[in-house]
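The values are calculated or read from the model by the stated rules, or taken from the named source; none is laboratory data. Quantities reported herein were computed from a predicted structural model and do not represent experimental measurements. When we count neighbours, we look across all protein chains shown, and the Cβ atoms used for this are built from the backbone with ideal geometry, even at glycine.
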Amino acid sequence: MRSTAQNNPRTELKFVYSENNTLSIIFQNNELLLGVVGEFNNNLKELERITKTNIYSRGNSILVKSDQIKNDLIKNAIQFLTDQFLNNGTIEKKDIISSVNKFMIDEKINSSEKKIEYIIKTPKKSIIPRSEKQKKYVRALKESEIIISAGPAGTGKTFLAVAIALTMLLDKKIERIILSRPAVEAGERLGFLPGDMREKVDPYLRPLYDSLYDLLDFEKIQKKIEVGDIEIAPLAFMRGRTLKNSFAILDEAQNATDTQIKMFLTRIGENSKIVINGDPSQIDLPNKSLSGLNRSKELLGHLKEISVVDFDHTDVVRNPLVSKIVKAYSDQKTD
């Protein structure tokens, strides 16, 4: 029997290919093995279900017996899940799904330097783009001055932008993060709501808070908000300002008019980035034609300083059912 072995010192994995098309993935660390296979081997069972491959856990090894393509697929998936567990100490169902996405299959595992440039390391977790579009988006967030992204909910538009902004703030590459949304449709009619201004707008800005709390401790986020390092405000508050040394994100931009998006974009100052995010299928304006998101893409997409990224249902990284729901509604519109 002829076998080949490959060692990876970073993850303490050894891959052994045997002549009978059996792949053995040997773990040097049993605690790491338990984390990857999951309680009652649930992670392996889910991986089996998705790939339609028989996978076994024997001692300190994971065994796969299939053709070369499937063996390599499982090898890449286990490597991805191992990295995920080492980075975050946990593996979720969505990680298992991501581990067999096409972009992971095509990725050469030994080209770690290429992969590292896309990893976003925040104090609470490391974030790895889960599709080619997300990788393109992360690259644009790092390299471009203005980024316009459009696509369905759950594709990571806001979360990835907030993650990049937070890392830049913590690395002192910028002085302030500004997160904004149109509040109560594009007209931002807040007067009828009870409470002071913060109490009026907080419900509409809650998703932005949630993204921050997922990346940094609650107390630290609150402190940065108190001192002004992080500002969360409705779109109307942006008028007349110049944003210097800042990373500004406009979320739910499909509910901003052409004039409002122009106003937000022209706030950009020295050493600043502006991100415009939205879902054209969820316009809440009384007159949907007033939405300025698609028009901003058409008018500005040719400028080299501006990146445009369009997501679709295949990029959804929430519950897999979300992708199916988005596709079903999208298909209905094209019928």
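Within region 128-170, the residues that satisfy the criterion of being farther than 25 Å from Ile283 by Cα, at pLDDT below 90 and in a loop (DSSP other than H, G, I, E, B) are Ile128, Pro129, Arg130, Ser131.
Selection of first residues in region 212-236 that are more than 15 Å from Leu169 (Cβ to Cβ) and modelled with pLDDT under 90 and of second residues that are of a type in the set (Val, Ile, Thr) and buried (at least 18 other Cβ atoms within 10 Å of the Cβ), restricted to Cβ pairs under 7 Å at least 6 apart or on distinct chains, gives the following pairs, ordered by first then second residue: Pro234/Val201. Scanning region 61-73 for residues that are closer than 13 Å to Val16 by Cα and of a type outside the set (Gly, Ala, Ser) turns up Ile62, Leu63, Val64, Lys65, Gln68, Asn71, Asp72. Restricting attention to region 22-40, the residues that are among the β-branched types (Val, Ile, Thr) and surrounded by fewer than 17 Cβ atoms within 10 Å (Cβ to Cβ) total 1.
For every residue, the table says whether it meets (1) surrounded by fewer than 16 Cβ atoms within 10 Å (Cβ to Cβ); (2) in contact with a helix residue (DSSP H, G or I) (Cβ under 7 Å, 6 or more places away or on another chain).
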residue: Lys45; (1), (2): yes, no
residue: Thr51; (1), (2): no, yes
residue: Ile55; (1), (2): no, yes
residue: Lys65; (1), (2): no, no
residue: Ile74; (1), (2): no, yes
residue: Ala77; (1), (2): no, yes
residue: Phe85; (1), (2): no, yes
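Of everything listed in (1) loosely packed, with under 14 Cβ neighbours inside 10 Å; (2) closer than 20 Å to Phe159 by Cα, the single unmet condition for Val309 is (1). Where the second residue is of a type in the set (Asp, Glu) and modelled with pLDDT under 85 and the first is over 12 Å from Ile164 (Cα atoms) and lies in region 114-133, which pairs have Cβ atoms under 6 Å and are six or more apart or on separate chains? Within 6 Å, the pairs are Ser131/Asp315; Lys133/Asp315.
Please tell me if Lys45 is assigned to a strand (DSSP E or B), basic (Lys, Arg) and in the same structural domain as Ile91 (by TED's automatic domain parsing). So Lys45 fails the test.
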